[in-house]
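Just below is one structure, and these are the notes that go with it.
Every number here is computed from the coordinates shown, using simple stated rules; none is lab data. Bear in mind that the values here come from a model prediction, so they are computed numbers and not experimental data. Note: ideal-geometry Cβ built from the backbone for every residue, glycine included; neighbour counts use all protein chains shown.
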Amino acid sequence: MSTTTNEPGTGARPGMEDAVFEVGPMRSDPASVHDLSRRVQIRREGVGEKRYPFPIPNGWFVVDESRELAPGEHKNLYAFGKDLVLFRSESGEARLMDAYCPHLGAHIGVGGRVEGDGMRCPFHGWHFDGGGRCIDIPYAEGKAIPAKAKIRTYPIIESSHMIWAWHHLEGGEPFYDVPHIPEFEDPDWQPYETYEVEVATIAQEFAEGEFDVQHFKYVHGATPLPSTDMVVNGTYRHNSNGNFTIENFGLGCTLISVGDSIRIGQSLLPIDDENVRMRWWFTMPNSMGDAALKGLAANFLDGISQDIVIWENKRYEPKPLVTAVERNIRVGREWALQFYSGLDS
Ligand code: FES
Ligand SMILES: [Fe+2]
């Protein structure tokens, strides 16, 4: 990615000019960021195999914007390899639960409705509370509700205008926090611009682009960040050249800051173990004006479009040939392992 304004064609990677797809010209229209014609259609290697040796990661991931979910509203969602129902209770709490009713398997979000702080199933009227527990079987006539009448729910936090859901493959509790980004709620900063796109890659590959400082030059035509200033602290890591800082909060959230002038939030929601929904939201101080904010988003998305063509066509190299100056790639991969359950080593 890059926040640098590039001239058309400067992002072309040496030696790739004659590749199956074309790199460039630059596009400033966010709607064209995800150009499926740039995905190689014929895969000859590894067909039928898993593309990545990782399960869906554990962490906090943005499932929607807070403003897009009104009290009493629900939406059906496919994420974490599961059918889910996202809803806002009548009193205003955002909730996320598995879609299928444990009674006879109806999809609760298709014909069901928000009731109180939970959902009422459309098939036989069972009512599940916000924690997923069945609290009413309308025709049970005083009989006890089975303890197994429960739907899995996911911890939710609303922060920086987004609804974040905690996913853990084995149902574990959150082990880090969603970052609070004060500029998104500061009246001296502009209302955010946002953009989202589905990409055939995984969150770890995106994070690796942040550890991989050399690609900034070849893919984006931009000056690499110094690779010496990478700090890893548990689930958090960051690198910075003093003015430009990239911070990762797990594999699902990144904050990009440029001095006192730019904040970019970023979330990578796993759709399954080979696809993510990427979202960015942007703000700048009011004094910089709306045109500057829109220009920032367009330039940033131009940079992302250059990454997408690499991500969607590359393969994962479990034993990469990295040079000494690229040691952050190894450090980053070791850091990422903590977000997966069930890996052998
Ligand atoms: S399937 Fe949901 S109440 Fe019967
Ligand atoms: Fe990049």
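Find the Cα radius of gyration of the stretch 179-339, compare it with 2.2 N^0.38 Å by division, and give the number to two decimals.
Relative to the rule-of-thumb radius for its length, the stretch 179-339 sits at 1.03.
Considering only Cα-Cα distances, which of the following residue pairs are longer than 30 Å: Lys217/Lys314; Lys50/Lys294; Lys82/Lys148; Lys82/Lys143; Lys75/Lys143; Lys75/Lys217?
Check vs 30 Å cut-off fails for Lys50/Lys294; Lys82/Lys143; Lys75/Lys143; Lys75/Lys217.
Quick check: residue separation of Glu90 and Leu104 times 0.36 nm, minus the Cα distance between them. What number comes out in nm?
Values: separation 14, 0.36 × 14 = 5.04 nm, distance 2.59 nm.
Value of the extension gain: 2.4 nm.
Going by Cα centres, the stretch 214-286 and the stretch 167-213 are how many Å apart?
The stretch 214-286 and the stretch 167-213 have Cα centres separated by 9 Å.
If you split all Cα-Cα distances of the stretch 82-130 into 5 Å bins from zero, what percentages do you get per bin, shortest first?
Calculated over all Cα pairs of the stretch 82-130, the distribution is 5, 26, 36, 22, 8, 1 percent.
Fully extended, how many nm does the chain gain between Asp177 and Tyr316 (0.36 nm per residue separation, minus their Cα-Cα distance)?
Numbers: separation 139, 0.36 × 139 = 50.04 nm, distance 2.87 nm.
Using 0.36 nm per residue and subtracting the Cα-Cα distance, I get 47.2 nm.
Multiplying the sequence separation of Thr245 and Asp272 by 0.36 nm and subtracting their Cα-Cα distance, what value in nm do you get?
Extending this stretch completely gives an extra 6.8 nm.
5 Å is the cut-off here: which amide hydrogens, built 1.01 Å from N in the peptide plane, fall below it relative to Asp136, excluding neighbours closer than 5 in sequence?
His127
Using the Karplus curve 6.51 cos²θ - 1.76 cosθ + 1.60 with θ = phi - 60°, work out ³J(HN,Hα) for each residue of the stretch 306-316 in order, rounded to whole Hz, and write x for Gly and Pro.
Running phi through 6.51 cos²θ - 1.76 cosθ + 1.60 with θ = phi - 60° gives 6, 5, 4, 5, 6, 4, 6, 10, 7, 10, 7 Hz.
For a Förster distance of 56 Å, can you work out the FRET efficiency between the beta-carbons of Lys294 and Ala144, rounded to the nearest 0.05?
Result of the calculation: an efficiency of 0.45.
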